[in-house]
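Reviewing the structure listed below.
The values are calculated or read from the model by the stated rules, or taken from the named source; none is laboratory data. Computed from a prediction, not measured in an experiment: that's the story for all the values here. As a convention, Cβ positions derive from the backbone with ideal geometry for all residues, glycine included, and neighbour counts pool all protein chains shown.
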Amino acid sequence: MKKIFLTTLLISFMISSSVIAEKVTVFNFTEDEFETLQVKRVKGETTWSLGSDENGNFIKAEAEGKGSGLGKEVKIDLLKTPFINITWKVEKDLSGIVENSKKGHDYAARVFVIKKTGLTTLSNRAINYVFSSNNDIGENWPSPYTKKSIDYVLSTTKDNLNAWITVKSNVKEDFLSLLGLELNDITGVAIMTDTDNSKLKAISYYQDIYFSAE
């Protein structure tokens with residue numbers, strides 16, 4: 001009887017460990033974490049505020065004619081957990097702008113996945129997963145500022161304005177198809193809400209951002 005119990009316990013532990021290993025949380029959106037995040041200012045600084053609901057912690061972003069990002073250096077093994085999962089909401093979008101132009105290159109919500117490929121930030125490669133205000137899911141284009149970063153639409157306010165939505169994408173496959181890079185890992189993740197080009201106002205929320213095996 002004891003042997004059966006120990007065997008069951010071991011199997012249960014192995015399953016639990018596997019589940020933990022197959023989910024890598026990027027942001028906890030707590031006060032302690034907020035103090036450690038790296039700030040990247042484009043123009044001014046987005047107003048960030050922490051909150052929580054029945055689904056967990058979230059961060060609210062507000063920007064009007066300004067923009068900044070929050071990020072962290074984190075190594076994600078894309079061989080084990082290639083899928084990024086994002087739960088987000090856009091309360092006030094940026095409809096009417098041309099997002100693939102320099103004058104309209106703003107997003108109410110975006111998540112950067114970054115691979116450091118050289119000694120400077122200018123050499124980094126990135127997939128910029130965006131909550132678009134004007135384009136359709138699946139559309140993508142190089143950033144008007146650098147071809148080393150690709151904007152890829154995962155959500156659109158044309159379908160989901162002021163509503164929480166969860167999306168996912170295979171980061172390993174995205175880097176290969178969009179940037180021609182065969183990667184085994186990425187080295188950083190950041191969120192950003194910016195309106196410095198359009199001078200409009202955006203309000204958005206980020207909640208559950210993690211990597212998974214499938």
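Remarks
- Residue list for region 199-214, restricted to those being crowded, with 17+ Cβ neighbours inside 10 Å and either modelled with pLDDT under 95 or in a strand (DSSP E or B) (or both): ALA202, ILE203, SER204, TYR205, TYR206, GLN207, ASP208, ILE209, TYR210, PHE211
- Filter result for GLU62 (under 23 Å from SER95 (Cα atoms) and at pLDDT below 95): no
Condition check ((1) modelled with pLDDT of 95 or more; (2) in a loop (DSSP other than H, G, I, E, B); (3) among the hydroxyl-bearing types (Ser, Thr, Tyr)) across all residues:
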| residue | (1), (2), (3) |
| --- | --- |
| ILE84 | yes, no, no |
| GLY96 | yes, yes, no |
| ALA108 | yes, no, no |
| LEU119 | no, yes, no |
| ILE127 | yes, no, no |
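- For region 156-186, the tally of residues that are under 21 Å from SER133 (Cβ atoms), surrounded by fewer than 16 Cβ atoms within 10 Å (Cβ to Cβ) and of a type in the set (Ser, Thr, Tyr) stands at 1.
- Test for LYS199: is it within 24 Å of THR81 (Cα to Cα), among the basic types (Lys, Arg), in contact with a strand residue (DSSP E or B) (Cβ under 8 Å, 6 or more places away or on another chain) and in contact (Cβ under 8 Å) with a residue 60 or more places away in the chain: no
Rundown of residues vs (1) more than 21 Å from GLN207 (Cα to Cα); (2) within 12 Å of the chain's Cα centre (by Cα), yes/no style:
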position: GLY67; (1), (2): no, no
position: LYS75; (1), (2): no, no
position: ARG110; (1), (2): no, yes
position: LYS115; (1), (2): yes, no
position: ILE127; (1), (2): no, yes
position: ASN160; (1), (2): no, no
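- Search result, residues across region 63-80 that are buried (at least 18 other Cβ atoms within 10 Å of the Cβ) and either in a strand (DSSP E or B) or out of contact with any helix residue (DSSP H, G or I) (no Cβ under 8 Å at 6 or more places or on another chain) (or both): ALA63, LYS66, GLY67, SER68, GLY69, LEU70, GLY71, ILE76
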